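Visitor: Here it is, the structure, as structure tokens.
Laboratory data are not the source of any read-out in this text; all were calculated from the coordinates shown. In this text, all values refer to a predicted model and were calculated from it rather than measured experimentally. All Cβ positions, even for glycine, are placed from backbone atoms using ideal geometry, and neighbour counts span all protein chains on display.
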Amino acid sequence: MNFEVVNINEVGDRRILIIYTGGTFGMVRDESGSLAPFDFGQVVEKIPELKSLGIQLAAISFPTPIDSSNVTIEDWKNLGWIIAKHYDQYDGFVILHGTDTMAYTASMLSFMLEGLNKPVILTGAQMPIGSVRSDARENLITALEIASTETNGNPIVSEVCIYFNFILLRGNRSQKIRSSQFAAFESENYPYLAEAGISIEFNHNALRPFDQNATLRVITEINPNVTILKIFPGITENAVRGTIFANNLEGLVLETFGSGNTMKSDWFLNCLSEAIEGGLVILNVSQCLGGEVMQGRYETSKKLNEVGVLSGGDITTEAAAAKLMLLLGSESDQTMLRKKLTMPINGEMDA
Ligand code: ASP
């Protein structure tokens, strides 16, 4: 695909590339009154300050901007490819992305961009840039400021993050938890990386340390044969079987109760055991936003250890799905695969 770079501002010490994928940020109402994405040229017209921030800015737009509900594995690969292609020319990247799947994209990029030592900050908006009370302007300008912040020429942030509504979050710890408030994102199991007020306060203890010697390698082997199953009281054997024995399925994120508990019915455990023996990799994550899976803490999770369900600890569902897709695509050693799923590979869970 041809992604053309357009210069926005050529004056300033730091160079940032904006990648516009779409999302509410740049949407307008179509004839029927629904919000649909429009092109990035019109976004720049709405934020003339971009030309006077003191940052060298350029932008690449997806040829057809998308509502992020339509994001695909191909789009993730394109983002990885754009970042790799322009890695040496820019000090950081700001990705404008719809909020609905931003946490999935941030999680996936955090795993795809191995050896990243520059900021990749995703942001977007709950209200389009054209509306008077829009949050788009603040989100973009502060994300750019964070991406361009440095000490001794090195970036303060050198990981994939989400900046939204005055907080900077680790990308693979983030979740969209509110659909109609400006404070859309949280990372319950990890502290904020920064908070923006009159000044931007960085949480240096939480940020990944800058690694001068890191070399970027973009992993694009992503296995799509993964799904998520959220259990609930009353779920039938039929529904469980239909999901976990789906054709070609290789990885399952099992969303369980509390600290990783499930029904202890024979049919359920037999299903899991049969699927695991058949090669399915099952990763247990909690339906709770905060806290972690502790298999064996209760009688209702002890058996999961015995049948071979892997504990996802305090990982989010979004990061678990992305990690499974990426590791099933790129890690051929089955022992390593299982090991990597139960330990942090890029700050996505506690050790
Ligand atoms: N549906 C939109 C999207 O994710 C919502 C948003 O951007 O806030 O693209």
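Visitor: Expressed as a rounded percentage, what relative contact order does the stretch 1-127 have, with Cα pairs under 8 Å and six or more residues apart?
Guide: Averaging sequence separation for qualifying contacts and normalising by length gives 35 percent for the stretch 1-127.
Visitor: Taking just the alpha-carbon atoms of the stretch 245-351, what radius of gyration and Dmax come out, in angstrom?
Guide: 12.9, 36
Visitor: Further, regarding this structure: Given H placed on each backbone N at 1.01 Å, which residues far from ALA194 in sequence or on other chains put an amide H within less than 5 Å of it?
Guide: Result for ALA194 returns LEU168, ASN203.
Visitor: Continuing with this model, one more query. Is the stretch 282-345 best put as rounded, prolate or oblate by its Cα gyration tensor, with a ≥ b ≥ c the root eigenvalues, rounded for a/c under 1.5, and otherwise prolate when a/b is larger than b/c, oblate when not?
Guide: Because a/c hits 1.5 or more and a/b fails to exceed b/c, the stretch 282-345 counts as oblate.
Visitor: Can you list which of the GluC sites (Glu not before Pro) found in the stretch 214-313 are DSSP loop residues with at most 14 other C-beta atoms within 10 Å?
Guide: Numbers: sites: GLU221, GLU237, GLU250, GLU255, GLU274, GLU277, GLU292, GLU299, GLU306; in loops: GLU221, GLU250, GLU292.
Counting only loop positions with at most 14 other Cβ atoms within 10 Å, the GluC sites (Glu not before Pro) in the stretch 214-313 are GLU221.
Visitor: Still on this model: Loop only by DSSP, 15 or fewer other Cβ within 10 Å of the Cβ. Give me the GluC sites (Glu not before Pro) in the stretch 1-69 that pass, ordered by residue number. Write down the numbers at each step before the final one.
Guide: Working: sites: GLU4, GLU10, GLU31, GLU45, GLU49; in loops: GLU4, GLU10, GLU31.
Here the GluC sites (Glu not before Pro) that fit, given the DSSP loop and packing criteria, are GLU4, GLU10, GLU31.
Visitor: Let me ask something additional. Ordered by residue, what ³J(HN,Hα) values in Hz, to whole numbers, does the stretch 164-174 give under the Karplus form 6.51 cos²θ - 1.76 cosθ + 1.60, where θ = phi - 60° and Gly and Pro are x?
Guide: Result, ordered by residue: 7, 6, 6, 10, 10, 10, 5, x, 7, 10, 8 Hz.
Visitor: Residues with amide H under 5 Å of ALA125's amide H, sequence separation 5 or more or different chain, H placed in the peptide plane at 1.01 Å from N; which?
Guide: Amide H to amide H, under 5 Å and 5 or more residues apart or across chains, ALA125 pairs with THR24, PHE25, THR99.
Visitor: Shifting gears a bit: Taking the beta-carbon count within 10 Å as an exposure proxy, list TYR104, TYR298, TYR190, TYR163 from fewest neighbours to most.
Guide: In order of increasing Cβ crowding within 10 Å: TYR298, TYR190, TYR104, TYR163.
Visitor: Next up: Using the Karplus curve 6.51 cos²θ - 1.76 cosθ + 1.60 with θ = phi - 60°, work out ³J(HN,Hα) for each residue of the stretch 117-125 in order, rounded to whole Hz, and write x for Gly and Pro.
Guide: The phi angles translate into 9, 9, x, 10, 10, 8, 8, x, 7 Hz.
Visitor: From Cα pairs below 8 angstrom and at least 6 apart in sequence, can you work out the relative contact order of the chain, rounded to a whole percent? Show your work: numbers first, answer last.
Guide: Values: 754 pairs, mean separation 50.1, N = 351.
The normalised contact order for the chain reaches 14 percent.
Visitor: Give, in nm to one decimal, the length gained when the segment between GLU195 and ASP350 is fully stretched (0.36 nm per residue of separation minus the Cα-Cα distance).
Guide: Length gained, GLU195 through ASP350: 53.6 nm.
Visitor: I need the fraction of alpha carbon pairs in the chain separated by more than 32 Å, rounded to a whole percent. All intermediate terms of the calculation are to be shown ahead of the outcome.
Guide: Numbers: 19798 of 61425 pairs.
Cα-Cα pairs in the chain separated by more than 32 Å: 32 percent.
Visitor: Related question: If I stretch the segment between PHE232 and MET343 completely, what's the gain in nm (0.36 nm per residue apart, minus their alpha carbon distance), one decimal?
Guide: Here the answer is 37.3 nm.
Visitor: Using a/c under 1.5 as the rounded threshold, could you call the stretch 201-271 rounded, prolate or oblate? The axes a ≥ b ≥ c are square roots of the C-alpha gyration tensor eigenvalues, and prolate needs a/b larger than b/c, oblate otherwise.
Guide: oblate
Visitor: Which shape class, rounded, prolate or oblate, goes with the stretch 1-123 when its Cα gyration tensor gives a ≥ b ≥ c as root eigenvalues, a/c under 1.5 marks rounded, and past that a/b bigger than b/c marks prolate? Spell out each step's value before the answer.
Guide: Details: a/c = 1.96, a/b = 1.12, b/c = 1.74.
Oblate.
Visitor: Non-local amide H neighbours of SER311 (under 5 Å, H modeled in plane, Pro and chain starts lacking H): which ones?
Guide: ASN284
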